[in-house]
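Since the structure comes first, as structure tokens, the remarks are kept for the end.
The values are calculated or read from the model by the stated rules, or taken from the named source; none is laboratory data. Computed from a predicted model, the values in this text were never measured in an experiment. Every residue, glycine as well, gets a Cβ built from its backbone with ideal geometry; the counts of neighbours run over all protein chains shown. Side chains included, ligands, DNA and RNA excluded: accessible areas come from the protein's heavy atoms. Shrake-Rupley method; radii C 1.70, N 1.55, O 1.52, S 1.80 Å.
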Amino acid sequence: MLPLNSLQVVAAVDPSGERDVVVVGAGILGLAVARELHRREPGRSIAVLEREDEVGFHQTGHNSGVIHAGIYYVPGSLKARLCVQGARELYELCEQKGVAFERCGKVIVALDESELGRLDELERRGIANEVPGLRRIGTEELRELEPHATGVAALHSPDTGIVDFPGVARALADELRVAGVEVATGCGVTGARAAGGRLQLTHSLGETRARFAVFCAGGWSDRLAVKAGAGPDPRIVPFRGAYLKLKPERRELCRSLIYPLPDPDLPFLGVHLTKHISGEVLVGPTALLSPSRDAYSLATVRPRDVVSTLAWPGTWRMARRWWRTGTVEMRYAASRAAFAREAARYVPGLNAADVEPAFAGVRAQALSRDGKLVDDFVFSHTERALHVRNAPSPGATSSLAIARMVADEAEAGL
Ligand SMILES: Cc1cc2nc3c(=O)[nH]c(=O)nc-3n(C[C@H](O)[C@H](O)[C@H](O)COP(=O)(O)OP(=O)(O)OC[C@H]3O[C@@H](n4cnc5c(N)ncnc54)[C@H](O)[C@@H]3O)c2cc1C
């Protein structure tokens, strides 16, 4: 593996001129797409353009760090198929590249009899999605796996794991660089226009003309798609997810991953306890509409992002349906005690004194004009370009499998 300061060398790259393919965004998805396209045809000229000074900064660097096994997703959906394949490939990649991971397993807990129907449904989905090793367990086995958790039954997924996603992104960027693929950081794309059989991309380092471009811009994907000629639907509405963490002396409260049963109508998994690859145990995340697409601090309020969310008709339709859930989430965001009480439903020994603030991530969640939080991965085309319009969780787990699908489409458009 190359030293990390190789990324600074990458920053000096000048990506201007002609390329076969440009990938916009060096999160885990953009990097995986560039790698896949390069591996298929090493002679192809490819440039990855990333606005930040480092790769994997936004969602890739601010998430739960879980390799999902594919349990939750509607059978036949892209999420179901790509998550199961992607998890398998991601484990292999981590082994090859020496990126830290642990196949630590997870439990999804039914707290009482009233939740058993939803547990049944998840089990059905997991089996239909061919999730390896998924099994129903009772109270005793739950106690053996997670001595501090409570519940009447659970699903145990031994194949769920944890990983250093930013480490994966750095490993992919290093592989690309060694192979001669440019990864230009500090290169924000500001415009995209099809002309003369090429896509002309303007950016902070100049201009690049590409035969085809793939946009993997996460929280800004809708804006770039519109610039390239796509319609505005769906819009990205940012959902902030704040985490607490267990104090070091209380980490024994959770051995691996303890999850609630999610609301089947929402694309979020609920407040969970997650062992992180660093050894910390995260509690969270919350899910609250965010005042900016990069609101890692609550003080980051961007008028353009606020207006974009409030001016979208889908936001108001969503709010009419979900205002009660929004109020509960606001309570968790405002009160550490309320947040800790939610987690304590699964781990009764936990209280507000056991936790401290950790970090926050911002989900790039697509919201349709009619107010639906788009659940599945969404891709769309404009002339000479493909746009990843919705790649929320388990997008990081699925990245290598998504990359194969995207590369097929890109090759058809080249
Ligand atoms: C709180 C939270 C928890 C999550 N937990 C998990 C989990 O446990 N497991 C899992 O599999 N997934 C999880 N996810 C989802 C996962 O993080 C995403 O699916 C994944 O990181 C998406 O990768 P990406 O490359 O599309 O996005 P990003 O990592 O956001 O990358 C997009 C990149 O595009 C760049 N960009 C944007 N605009 C421009 C521009 N104009 N010019 C150049 N570059 C630009 C950005 O700077 C950024 O680097 C979670 C997400 C969040 C927010």
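Select from region 297-321 the residues that are surrounded by fewer than 18 Cβ atoms within 10 Å (Cβ to Cβ) and of a type in the set (A, V, I, L, M, F, W, C) and list them in ascending order. Correct list: Leu298, Ala299, Val301, Val306, Val307, Leu310, Ala311, Trp316, Ala319.
Within region 367-385, restricting attention to residues that are under 22 Å from Arg240 (Cα atoms), among the hydrophobic types (A, V, I, L, M, F, W, C) and touching a helix residue (DSSP H, G or I) at 6+ places or on another chain (Cβ under 9 Å), the residue that is surrounded by the fewest Cβ atoms within 10 Å (Cβ to Cβ) is Val378. Comparison of Ala403, Ala412, Ala407 shows that the only residue that is open to solvent by less than 10 Å² (accessible area, probe 1.4 Å) and more than 14 Å from the ligand (Cβ to nearest atom) is Ala407. Just to confirm my filter: which strands (runs of 3 or more DSSP E) fall fully inside region 138-248 and include at least 3 residues that are within 14 Å of the ligand (Cβ to nearest atom) and modelled with pLDDT of 95 or more? Those strands (runs of 3 or more DSSP E) span 161-163, 182-184, 189-195, 198-203, 206-215, 235-246.
For every residue, the table says whether it meets (1) without any contact (Cβ under 8 Å) to a residue 40 or more places away in the chain; (2) of a type in the set (Gly, Ala, Ser).
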| position | (1), (2) |
| --- | --- |
| Arg124 | yes, no |
| Val131 | no, no |
| Thr139 | yes, no |
| Glu146 | no, no |
| Gly151 | no, yes |
| Ser157 | no, yes |
| Ala179 | no, yes |
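Search region 34-56 for residues being without any contact (Cβ under 8 Å) to a residue 60 or more places away in the chain and out of contact with any Asp or Glu (no Cβ under 6 Å at 6 or more places or on another chain), and hand back the single one that is least open to solvent (accessible area, probe 1.4 Å). Among them, the one singled out is Gly43.
A single member of Glu130, Glu121 is under 24 Å from Glu89 (Cβ atoms), open to solvent by 10 Å² or more (accessible area, probe 1.4 Å), of a type in the set (Asp, Glu) and outside any strand (DSSP E or B), and it is Glu130. Across region 67-83, the number of residues qualifying as open to solvent by less than 20 Å² (accessible area, probe 1.4 Å), β-branched (Val, Ile, Thr) and either away from the ligand (no atom under 11 Å from the Cβ) or over 18 Å from Ala401 (Cα atoms) (or both) comes to 1. Restricting attention to region 28-66, the residues that are part of a helix (DSSP H, G or I) and more than 13 Å from the ligand (Cβ to nearest atom) add up to 5. Filtered by the rule that a residue be touching a Cys at 6+ places or on another chain (Cβ under 8 Å) and open to solvent by 30 Å² or more (accessible area, probe 1.4 Å), region 256-279 gives a lone residue, Lys275. Residue count for region 233-250 under the criterion of being within 22 Å of Ser290 (Cβ to Cβ) and open to solvent by 60 Å² or more (accessible area, probe 1.4 Å): the result is 1. Considering each residue of region 321-332 in turn, none proves to be acidic (Asp, Glu) and farther than 23 Å from Ser64 by Cα.
Taking region 330-366 as the range and being more than 15 Å from the ligand (Cβ to nearest atom) and in contact with a Ser or Thr (Cβ under 6 Å, 6 or more places away or on another chain) as the test, only Pro348 passes. Looking across region 330-366, just one residue is surrounded by 22 or more Cβ atoms within 10 Å (Cβ to Cβ) and among the charged types (D, E, K, R), and that is Arg363.
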